[in-house]
Amino acid sequence: MGYRRMNNRDLWEIYRRWQAGQTISHIANVEGRDRKTVREYLEGLESLGLKLDGIAVEQQHFYRLAKKLLPVQNNRGKPVREHLLPYRDELREMINRRKEPLKPKTAFLVVKKKYGLDVSYETFKRFARAEGLSRPEKKTMIRIELPPGLETQLDYGKVGMLLDPVTGKNFVVHAFCAVLSFSRLPYIQFVRTQDQVSFVTSVVDMAEYYGGLTEFISPDNLKSAVIKPDLWDPQLNRAFAEMADYYGVFIDPCRVRRPTDKGKVERIVPVAREMFRMLKELHPSCALVELNRHALKWCREDYGNREHGTTGIPPMQAFEQEKLKLKALPEERFVVPEWKRCSVHSGDQFLTFHKKRFSLPARWRGRKVWARYVAPVLDLYDDDEQLIRQYVTNRSERRYWKPEDFPAEVREMMNGGY
């Protein structure tokens, strides 16, 4: 406990509490004193004739008596921790350096042995807290500004739960978040899933919301966007890559576990979470589609017209400049395909997709192919993206096959003639 000089008023409070029958431990706790200090002064008061069972004295008379107990002046010597002041910078450098930093206790032991200091570790801890030695120094962040129309950052974040009016059960809601790096205008869409179709559909909706696309799209490394992260050659999800080809943009995935690569959209995720909770309170009976309409209105009219803390310009005002640099969209909206890796059964040379079975020639037994589905057409590709077979599906049939894929006797059996 740090040193505090006792004065008349402090001693009067201790005396009053003592006369009221409070224990020494309680007095020490509420007055912020050590129990030994309280006991020492109470014994001194008793020596002056002020007994516990005696009559309480008047305050001014008490001051005149207690004057004999109080120190005339603070003759306390120089605090021991001040002996550490000359070594403060050296301690901070050892604790906060980038390579091989020392723990605060280890740095203290080094200085103590190096300079022969007679200082306890408890004293050092008080000194470290007062000087902020145990706190790492704040990193200097470089603010990266990009020209208009160059980059869009994407990310997902879980925002809460919502009641499904059909099933009567709650389901998890995620927020698809996008931010234009120049204007900082956000796009927020609440979704139920993060699968490849939902993800690419959200990107297409985002493109129509902005009225164009930037040169680069920087997504997080979720599986719906990046199948296999790699610094130089990432393996993109085929539906996402196909969308990028269609619109003439480039995918630039962020590095794994590097949130600073997409810092602008990282800041929007907690904002989207708070906005979702606000909309639920304002519109408790709204479905997901209605909440998304309110979210887009909030992005433009509320967040978009508010002065941005970093740029100092409202995002909608900056967007008026950026939209002129966006890539124009084709006349037809991109139809999002579903890609899936399928295994051809080695026994019957059929593969299964959406609970339907499709045949391939015998040479494909035991091998894997890529299935691309845009209702009602299913295309099957090899690893070199060469088309193998195309099927047109319908709701009623469960099995699709070509007679030329099988020997004559197998065809008879499959036709029911065996």
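The values are calculated or read from the model by the stated rules, or taken from the named source; none is laboratory data. Being a predicted model, the structure only gives us computed values, none of them experimental. Neighbour counts run over all protein chains shown; Cβ positions are idealised from the backbone, glycine included. The accessibility values were calculated without ligands, DNA or RNA, using every heavy atom of the protein model including side chains. Shrake-Rupley method; radii C 1.70, N 1.55, O 1.52, S 1.80 Å.
Residues are listed down the side, and each one gets a yes or a no for (1) assigned to a loop (DSSP other than H, G, I, E, B); (2) among the β-branched types (Val, Ile, Thr):
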{"residue": "Thr352", "(1), (2)": "no, yes"}
{"residue": "Arg363", "(1), (2)": "no, no"}
{"residue": "Ala371", "(1), (2)": "no, no"}
{"residue": "Leu378", "(1), (2)": "no, no"}
{"residue": "Glu385", "(1), (2)": "yes, no"}
{"residue": "Asn394", "(1), (2)": "yes, no"}
{"residue": "Glu397", "(1), (2)": "yes, no"}
{"residue": "Glu409", "(1), (2)": "no, no"}
{"residue": "Glu412", "(1), (2)": "no, no"}
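Could you check, for segment 202-209, whether at least one of its residues is open to solvent by 40 Å² or more (accessible area, probe 1.4 Å), at pLDDT below 95 and of a type outside the set (Ser, Thr, Tyr)?
no
Identify all residues within segment 399-412 that are open to solvent by 90 Å² or more (accessible area, probe 1.4 Å) and touching a Lys or Arg at 6+ places or on another chain (Cβ under 8 Å); write none if there are none.
Arg399
Working only within segment 321-370, note down all residues that are surrounded by 12 or more Cβ atoms within 10 Å (Cβ to Cβ), free of Cβ contacts under 8 Å to residues at least 12 places away in the same chain and of a type outside the set (Ser, Thr, Tyr).
Residue satisfying the conditions is Asp348 alone.
Is segment 46-55 home to any residue that is more than 30 Å from Leu133 (Cα to Cα), β-branched (Val, Ile, Thr) and modelled with pLDDT under 80?
Yes - at least one qualifying residue is present in segment 46-55.
Which of the residues spanning segment 266-313 are farther than 16 Å from Val179 by Cα and assigned to a loop (DSSP other than H, G, I, E, B)?
Those that are farther than 16 Å from Val179 by Cα and assigned to a loop (DSSP other than H, G, I, E, B): His283, Pro284, Ser285, Cys286, Ala287, Gly312.
Does Lys262 count as under 23 Å from the mean Cα position of the chain (by Cα) and buried (at least 19 other Cβ atoms within 10 Å of the Cβ)?
Spelling it out, Lys262 is indeed under 23 Å from the mean Cα position of the chain (by Cα) and buried (at least 19 other Cβ atoms within 10 Å of the Cβ).
If you check Tyr156 against the conditions, is it hydroxyl-bearing (Ser, Thr, Tyr), under 20 Å from Glu274 (Cβ atoms) and either open to solvent by less than 10 Å² (accessible area, probe 1.4 Å) or without any contact (Cβ under 8 Å) to a residue 40 or more places away in the chain (or both)?
For Tyr156, the condition - hydroxyl-bearing (Ser, Thr, Tyr), under 20 Å from Glu274 (Cβ atoms) and either open to solvent by less than 10 Å² (accessible area, probe 1.4 Å) or without any contact (Cβ under 8 Å) to a residue 40 or more places away in the chain (or both) - is not met.
Taking Glu100 as meeting all but one of (1) assigned to a loop (DSSP other than H, G, I, E, B); (2) modelled with pLDDT of 90 or more, write down the number of the exception.
If we test Glu100 against (1) assigned to a loop (DSSP other than H, G, I, E, B); (2) modelled with pLDDT of 90 or more, just (2) comes out false.
Give just the number: which of (1) touching a residue at least 60 places away in the same chain (Cβ under 8 Å); (2) among the hydrophobic types (A, V, I, L, M, F, W, C); (3) within 25 Å of Phe199 (Cα to Cα) does Cys286 not satisfy?
(1)
Is it fair to say Ser396 is over 39 Å from the mean Cα position of the chain (by Cα), on the phi < 0 side of the Ramachandran plot and buried (at least 16 other Cβ atoms within 10 Å of the Cβ)?
No; evaluated as a whole, the condition is false for this residue.
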